[in-house]
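The structure under discussion appears below in the form of structure tokens.
The values are calculated or read from the model by the stated rules, or taken from the named source; none is laboratory data. Quantities reported herein were computed from a predicted structural model and do not represent experimental measurements. Heads up, the Cβs are rebuilt from the backbone with ideal geometry, glycines too, and the neighbour counts pull from every protein chain shown. Just so you know, the surface numbers come from the protein's heavy atoms only, side chains and all, with ligands and any DNA or RNA stripped out. Shrake-Rupley method; radii C 1.70, N 1.55, O 1.52, S 1.80 Å.
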Amino acid sequence: MDERDVVIIGGGPAGYTAAIRVMQLGGKATIIEKDTIGGICLNHGCIPTVALARAVELLEMGKNAKDYGITYKDATVDFKKMMSKKEAVVRTLVSGVKQTLDAYGVEVIEATGKLISPSLIEVQLKDGTKKEQEARKIIISTGAQYPKVSFSGGVGKVINPIEALRLNEIPKSILIVGGGFIGAVFVTIFSKLGAKVSIVEESSRMLPQVDKEIVFILEKEFKDNDVKIYSKARVMNIESGKEDGLIVLINVKGEEVTAGAQYVLMTELREANIDGLGLREVGVELNKKRGILVNERMETGVPGIFAVGDVTMEHMWTTVAYFEGMTAGENAMGQNSKIDYRAIPLWIHSIPQVSCVGMTEEMAVAEGYQVKVGRFPFAGNGMATVLGQRIGMVKVIMEERYGEILGVHMIGPRTGDLIGEAALAMKVEGTLGEIAKTFHVHPSLSEALWEAARGT
Ligand SMILES: Cc1cc2nc3c(=O)[nH]c(=O)nc-3n(C[C@H](O)[C@H](O)[C@H](O)COP(=O)(O)OP(=O)(O)OC[C@H]3O[C@@H](n4cnc5c(N)ncnc54)[C@H](O)[C@@H]3O)c2cc1C
């Protein structure tokens, strides 16, 4: 039996990044993946969702083209083709990751992994045969999944986001439970495709981590597109109805209302993939969210075993999974790396797009900071006006005394490509004054951040 330096169970973003880091540092890495390299992100999450969001963006652009003197025939949606383009994008990227792993010399075994001891893994191949794999270090990156929702009544169905990405029809109506990042993007996709969309959110607004001024603009856009938003609301019961498919009983601010929908999409709940991993036998502990408990070096309590990505049930983003993978890979190779969660940029592929890093104004005030705020509307930005996408703004939040950037929140065109500058500035403890004194290309969307920084 050959001993590898590091064996990684799970080949999603966290796992394959860890493997690459190990190889870069001169080690030998093996990934055990039971399904498809790329995990949820590439196969069933970020990439397919964004591919569909791109399709509806093109639909919008086509509609707006007449303002520029270009008239297309009436746009029609071929949903099957849209789905097959999404699948093609996924296949291209999965094959790209496979080639990269191959180029680095990472060994990939298509199998299910289970811990036997801190240095031994049971590998069950797809044909059912089992073998054992020795490892000097083990990284667990098995991700998380949506619980199976089995309810279906008449023509109605309760689905999770992964199932929503595999629909073979545009829903006539869909009720989305959870107004978080995943819920918001599905609102955009289905409402722009003509479905009757409603959303049920427990908090007083969607996207509670995003500054309320930004969310206000997003919710207004949704409402203008006939999306019904139930805030401070909870789904109490779902039963089969007649025409609409499902009848959903919702408690809205203490009052009960009913809504009909062909589909109910549950976006919020995910559970760590820990069943059958042998964690308890080896002594790996769980945290309060029933994810694997780790420290800032991504170590579990068992020497030699690390855990990274969604399986920890914290910061469940590919953006973060990559860094946790790198941190574990480095530590498995004897370095002393620590993860730093301070400036995580987030991006929601809604129309308009939302991005943020750091605190909202409310959070900063609640933390006791003397807060100063700068804002700049995209309506005042040359490039946004050229693009015909003038809705939205950039809001910067800083600490008054030293100019420390506490948060940057934006809504508007391509904000995910703009938020990186703010994240870098926060990471290097830069100030808004420094952003204000930095040349920004003209005309560009990035000038909106510059203008907002100049306004503080
Ligand atoms: C609809 C949707 C949209 C999203 N959009 C974004 C976005 O825009 N941006 C963003 O940053 N994040 C987004 N996310 C979150 C992102 O997908 C996850 O945070 C990311 O995939 C986590 O990576 P991971 O490697 O920890 O786990 P996963 O990607 O879940 O990979 C885990 C892998 O482990 C394998 N595995 C599990 N158990 C075993 C076992 N016992 N043996 C062998 N293999 C095993 C699985 O098959 C899987 O391939 C989205 C998620 C969803 C659901």
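Scan segment 94-124 residue by residue and report those that are under 16 Å from Asp35 (Cα atoms) and in contact with a Gly (Cβ under 7 Å, 6 or more places away or on another chain).
Val94, Val97, Val108, Lys114, Val123, listed by residue number.
Just checking, how many residues over segment 120-144 are under 15 Å from Phe306 (Cβ atoms) and within 11 Å of the ligand (Cβ to nearest atom)?
Qualifying residue count for the region: 6.
When you scan segment 345-355, do you find a residue that is among the small types (Gly, Ala, Ser), within 25 Å of the chain's Cα centre (by Cα) and more than 16 Å from the ligand (Cβ to nearest atom), even just one?
Among the residues of segment 345-355, not one is among the small types (Gly, Ala, Ser), within 25 Å of the chain's Cα centre (by Cα) and more than 16 Å from the ligand (Cβ to nearest atom), which makes the answer no.
Among (1) of a type in the set (Lys, Arg); (2) out of contact with any His (no Cβ under 6 Å at 6 or more places or on another chain); (3) in contact (Cβ under 8 Å) with a residue 60 or more places away in the chain, where does Lys338 come up short?
Single failed check for Lys338: (3).
Take Thr267 and decide whether it is within 15 Å of the ligand (Cβ to nearest atom), open to solvent by less than 60 Å² (accessible area, probe 1.4 Å), β-branched (Val, Ile, Thr) and more than 24 Å from Ile116 (Cβ to Cβ).
Numbers: within 15 Å of the ligand (Cβ to nearest atom): yes; open to solvent by less than 60 Å² (accessible area, probe 1.4 Å): yes; β-branched (Val, Ile, Thr): yes; more than 24 Å from Ile116 (Cβ to Cβ): yes.
The answer is yes for Thr267.
Please state which of the following conditions Val6 fails to meet, knowing it meets all the rest: (1) closer than 30 Å to Tyr104 by Cα; (2) surrounded by fewer than 24 Cβ atoms within 10 Å (Cβ to Cβ); (3) away from the ligand (no atom under 11 Å from the Cβ).
(2)
Modelled with pLDDT under 95 and of a type in the set (Lys, Arg): is that true of Arg54 in this structure? Step through it out loud before you land on a result.
Details: modelled with pLDDT under 95: no; of a type in the set (Lys, Arg): yes.
Considered against the rule, which asks whether it is modelled with pLDDT under 95 and of a type in the set (Lys, Arg), Arg54 comes out as no.
Only residues that are part of a loop (DSSP other than H, G, I, E, B), open to solvent by less than 60 Å² (accessible area, probe 1.4 Å) and at negative phi: list them for segment 31-59, please.
Going through segment 31-59, the residues part of a loop (DSSP other than H, G, I, E, B) turn out to be 34-38, 45.
Restricting the remaining residues to those that are open to solvent by less than 60 Å² (accessible area, probe 1.4 Å) gives 36-38, 45.
The answer is Thr36, Ile37, Gly45.
Given the options Gly62, Gly96, name the one that is outside any loop (DSSP other than H, G, I, E, B), free of Cβ contacts under 8 Å to residues at least 60 places away in the same chain, open to solvent by less than 40 Å² (accessible area, probe 1.4 Å) and in contact with a Phe, Trp or Tyr (Cβ under 7 Å, 6 or more places away or on another chain). Quick ask: steps written out before the conclusion?
Details: Gly96 fails: in contact with a Phe, Trp or Tyr (Cβ under 7 Å, 6 or more places away or on another chain).
It is Gly62.
Pull out all pairs, ordered by first then second residue, where Cβ-Cβ is under 7 Å, the residues are six or more apart or on different chains, the first lies in segment 6-18 and is assigned to a loop (DSSP other than H, G, I, E, B), and the second is more than 8 Å from the ligand (Cβ to nearest atom).
Gly10/Ile140; Gly11/Ile31; Gly11/Val108
Sort through Thr360, Thr385, Thr319 and tell me the only one that's without any contact (Cβ under 8 Å) to a residue 12 or more places away in the chain and not small (Gly, Ala, Ser).
Working: Thr360 fails: without any contact (Cβ under 8 Å) to a residue 12 or more places away in the chain; Thr319 fails: without any contact (Cβ under 8 Å) to a residue 12 or more places away in the chain.
Every option except Thr385 fails the conditions.
For segment 371-398, give me each residue that is of a type in the set (D, E, K, R) and open to solvent by less than 20 Å² (accessible area, probe 1.4 Å).
Going through segment 371-398, the residues of a type in the set (D, E, K, R) turn out to be 372, 375, 390, 395.
Lys395, the sole residue that qualifies.
So, of the residues in segment 19-30 that are in contact with an Asp or Glu (Cβ under 8 Å, 6 or more places away or on another chain) and assigned to a helix (DSSP H, G or I), which turns out to be farthest from the ligand (Cβ to nearest atom)? Give the steps one after another, and end with the answer.
Looking only at segment 19-30, we keep the residues that are in contact with an Asp or Glu (Cβ under 8 Å, 6 or more places away or on another chain), and these are 21-22, 25, 27-30.
If we keep only those that are assigned to a helix (DSSP H, G or I) too, we end up with 21-22.
On the way: Arg21: 14, Val22: 15 Å.
Among residues in segment 19-30 that are in contact with an Asp or Glu (Cβ under 8 Å, 6 or more places away or on another chain) and assigned to a helix (DSSP H, G or I), the one farthest from the ligand (Cβ to nearest atom) is Val22.
Would you call Ala29 over 25 Å from the mean Cα position of the chain (by Cα), at pLDDT 95 or above and closer than 28 Å to Gly128 by Cα?
Numbers: over 25 Å from the mean Cα position of the chain (by Cα): yes; at pLDDT 95 or above: yes; closer than 28 Å to Gly128 by Cα: yes.
Criteria met by Ala29.
Would you confirm whether any residue within segment 306-316 is among the hydrophobic types (A, V, I, L, M, F, W, C) and more than 16 Å from the ligand (Cβ to nearest atom)?
Our first condition is that a residue be among the hydrophobic types (A, V, I, L, M, F, W, C); within segment 306-316, this holds for 306-308, 311, 313, 316.
Checking which are more than 16 Å from the ligand (Cβ to nearest atom) leaves us with none.
No: segment 306-316 contains no residue that is among the hydrophobic types (A, V, I, L, M, F, W, C) and more than 16 Å from the ligand (Cβ to nearest atom).
Would you mind telling me which numbered condition in (1) free of Cβ contacts under 8 Å to residues at least 60 places away in the same chain; (2) at positive phi Asn287 fails?
Going through the list (1) free of Cβ contacts under 8 Å to residues at least 60 places away in the same chain; (2) at positive phi, Asn287 breaks only (2).
Could you check, for segment 403-425, whether at least one of its residues is open to solvent by less than 40 Å² (accessible area, probe 1.4 Å) and without any contact (Cβ under 8 Å) to a residue 24 or more places away in the chain?
Within segment 403-425 (the criterion being open to solvent by less than 40 Å² (accessible area, probe 1.4 Å) and without any contact (Cβ under 8 Å) to a residue 24 or more places away in the chain), the answer is yes, since at least one residue qualifies.
With the condition being in contact with a helix residue (DSSP H, G or I) (Cβ under 8 Å, 6 or more places away or on another chain), I'd like the strands (runs of 3 or more DSSP E) fully within segment 247-359 carrying at least 2 qualifying residues.
Correct list: 263-266, 305-307, 346-348, 353-358.
Before we move on, is Leu218 over 30 Å from Glu362 (Cα atoms), in contact with a Ser or Thr (Cβ under 7 Å, 6 or more places away or on another chain), buried (at least 22 other Cβ atoms within 10 Å of the Cβ) and not aromatic (Phe, Trp, Tyr)? Before you say what the answer is, go through the steps one by one.
Working: over 30 Å from Glu362 (Cα atoms): no; in contact with a Ser or Thr (Cβ under 7 Å, 6 or more places away or on another chain): yes; buried (at least 22 other Cβ atoms within 10 Å of the Cβ): yes; not aromatic (Phe, Trp, Tyr): yes.
In short, no.
Pull up segment 131-159, narrow it to residues that are part of a loop (DSSP other than H, G, I, E, B) and modelled with pLDDT of 95 or more, then point me to the one that is surrounded by the most Cβ atoms within 10 Å (Cβ to Cβ).
Step one: of segment 131-159, the residues part of a loop (DSSP other than H, G, I, E, B) are 141-143, 146-151, 154-155.
In the following step, the residues that additionally are modelled with pLDDT of 95 or more were identified as 141-143.
On the way: Ser141: 33, Thr142: 30, Gly143: 25.
So, considering only residues that are part of a loop (DSSP other than H, G, I, E, B) and modelled with pLDDT of 95 or more, the one surrounded by the most Cβ atoms within 10 Å (Cβ to Cβ) is Ser141.
Suppose we filter segment 228-258 for residues that are modelled with pLDDT of 95 or more and either open to solvent by less than 60 Å² (accessible area, probe 1.4 Å) or closer than 30 Å to Ala14 by Cβ (or both); how many remain?
Total meeting the criteria: 8.
Anything in segment 164-198 that is among the hydroxyl-bearing types (Ser, Thr, Tyr) and closer than 21 Å to Gly245 by Cα? List them, or say none.
Within segment 164-198, the subset among the hydroxyl-bearing types (Ser, Thr, Tyr) is 173, 188, 191, 198.
Listed by number, the residues that qualify are Ser173, Ser191, Ser198.
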